[in-house]
Each structure stands twice: as structure tokens, then as C-alpha cells.
Amino acid sequence: MPWKENGVVEERFRFIEEWNSEDWPMAELCRWFGVTRKTGYKWLERYEAAGWEGLLDLSRAPHEHPNAVTEETEEQVLAVRERHPLWGARKIHALLEREESQVVPAVSTIGSILKSHGVTVARKRRLRARPSQRPLAQATEANKVWCADFKGWFRCGKGERIDPLTISDAYSRYLLRCQGVKAADTAHSKPIFEAAFRE
């Protein structure tokens, strides 16, 4: 019978304390605690070698990992990253596949290597808008409710950035304005709204 499930380490402490009292022969003590003599002697040896810390559970992780990435491969990945500091795991994987004759680790493994060496920056999580507590105003007739939106910026032929602002009527879906502004802020969009209101 194995050690009791509840407080295994405490049972081992009690076992050693009882053994140290010299009131028990090993066979009887093991029978009392419900373990084999082999187990009893194992814990006694571990206690004599490491003291009370020897009675704690040891890590069950394997000593060797057959699929682990070699240090040489890690160095190759880090060398490519050093040459190309803006590249991520996918591009590094593609380059290593083209250049190397040996097996190249998976993209996720390359990503883990970069992360463990602290050369990547985690993406910031995008904030999500909270759902509105009340519904949008109902458009029962034209010009009652207008909708406005910036449709995402782009660069024009000369290379300057443009943010297209659209204003539409919610009832008729008529596009009132679609105009590029130099920045998506109040200072640049307020004159467009004022002109649309006047018109």
C-alpha cells in the first residue's frame, strides 16, 4: 500500500521521526505506514543524505529531451535575428530553410527561442470597445441622425498621409462628405463638419 494521499511529505516526516525514536524495527514501521521496506529504506537514505529537504518530492522532468533544440541551432536563430532585427519567427524560419541543409525547427520553436532570449516584444492587446448600454438613435427621417467615421489612412502619390473622413445620413444612407484630412483629430475634422452643417 502506498503513502497516504493526504500529506505525503508529512507522512515521510513522521516515518523518519518514528525511526529516530528507535522504538520500531524497520519491517514493523513500514507495515504501520503501509509501505514496502524498500520504500522505507529509500526515504531513510534520502534523509541521511540531504536532511529534511531530502524528503520532498523531486522533479519528475526528464534529464534529457531528445527533441530539444541544440545550442548551435539557437545561436543560428539568434545570429539571423541580429542581422535582421525586425524579422519575426516566420521570416527567420524561411531563411534558415533556404540556407541550411539540416532540419530547421518549427516557427513556434523559433518564436520560443526569440522570446526566451528577450529579443521580441509582445504585441499590445487591442482595447475592445465596451458594448453600448443603449441602442443607437433610430433614424426616422433624413437628417435626423448622421454617421461619421475615419476609414483608415493611406499615403497618396506624393507620399503624404491622408485620413479619409466620411459623413453619411443614417436614414437615406446618402454620403454627405468623403474628404481626406491630414490627421484624424478634432482640429482637422471640425471644419468639415461645420461646412456640412451649413450646407
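The values are calculated or read from the model by the stated rules, or taken from the named source; none is laboratory data. Note that the structure is predicted; figures quoted are calculated from it, not measured. Note: ideal-geometry Cβ built from the backbone for every residue, glycine included; neighbour counts use all protein chains shown.
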Considering only the stretch 125-142, state which residues are modelled with pLDDT of 85 or more and in contact with a strand residue (DSSP E or B) (Cβ under 8 Å, 6 or more places away or on another chain).
Ala142
Give me the pairs, please: first residue somewhere in the stretch 109-122 and within 15 Å of Ala79 (Cα to Cα), second residue anywhere and part of a loop (DSSP other than H, G, I, E, B), beta-carbon distance under 7 Å, and either six or more positions apart or on two chains.
Ile113/Val69; Leu114/Thr120
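Select the helices (runs of 4 or more DSSP H) contained entirely in the stretch 37-122, then report the ones holding at least 2 residues which are touching a His at 6+ places or on another chain (Cβ under 7 Å).
Working: elements: 37-50, 71-83, 89-99, 107-116.
Those helices (runs of 4 or more DSSP H) span 107-116.
Quick one: is Glu194 at pLDDT 90 or above, of a type in the set (Asp, Glu) and exposed (fewer than 11 other Cβ atoms within 10 Å of the Cβ)?
yes
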Among the residues that make up the stretch 56-75, is at least one of them basic (Lys, Arg), farther than 18 Å from Thr109 by Cβ and either touching an Asp or Glu at 6+ places or on another chain (Cβ under 8 Å) or surrounded by 12 or more Cβ atoms within 10 Å (Cβ to Cβ) (or both)?
no
